[in-house]
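Please treat every number below as a calculation from the coordinates, not as lab data. Every value quoted in this text rests on a predicted model; they were computed, and no experiment measured them. Cβ sites come from the backbone with ideal geometry, for glycine too, and all protein chains shown count toward neighbours.
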Amino acid sequence: MAAPRGLNAPGRRLWDVSTTEFEWAEHELALLEEACRVRDRIVQLDAAVSADGLMLVSPQGPRVHPAVGEARQQRLVLARLLATLQIPGLDDDLPSARGVRGVYGGRRG
């Protein structure tokens, strides 16, 4: 199944693994697409922190990069979307990308 337009490599990888391993209803594909976009957003936020540093200097003094808190929130969103879809995380997230999708045990149909 073709990945939605505009996904970057991390989101596309989540899409590819998920659509290869499982079959989806139309409403689940919408949630999966959002999970893929959130995954891309997390990578972008982490890159901003890597480029700028954890702490930023402002006239009020040093402060934590705002992308740190936003990345944390996006990780919570991703975890909830993955839990709703009953799929495991990727190798980057968990020790194994393969496994049972909730009580369904793989492909449905």
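Descriptive notes on the structure:
- Vicinal HN-Hα couplings computed from phi for segment 64-74 (Karplus, 6.51 cos²θ - 1.76 cosθ + 1.60; Hz; Gly/Pro x): 5, 4, x, 5, 5, x, 5, 4, 4, 5, 5
- FRET efficiency for Val64 and Glu21, using Cβ-Cβ distance with R0 set to 41 Å, rounded to 0.05: 0.65
- If R0 is taken as 30 Å, the Cβ-Cβ distance between Ala83 and Leu56 corresponds to a FRET efficiency of 0.40.
- Here the spin labels are modelled as points 7 Å beyond Cα on the Cα-Cβ line, and at Arg75 and Ala2 they lie 3.5 nm apart.
- Karplus-derived 3J(HN,Hα), 6.51/-1.76/1.60, for each residue of segment 6-13, Hz, glycine and proline x: x, 6, 8, 4, x, x, 5, 5
- Summing +1 for each Lys or Arg and -1 for each Asp or Glu among the other residues whose beta-carbon sits under 9 angstrom from that of Ala71 gives +1.
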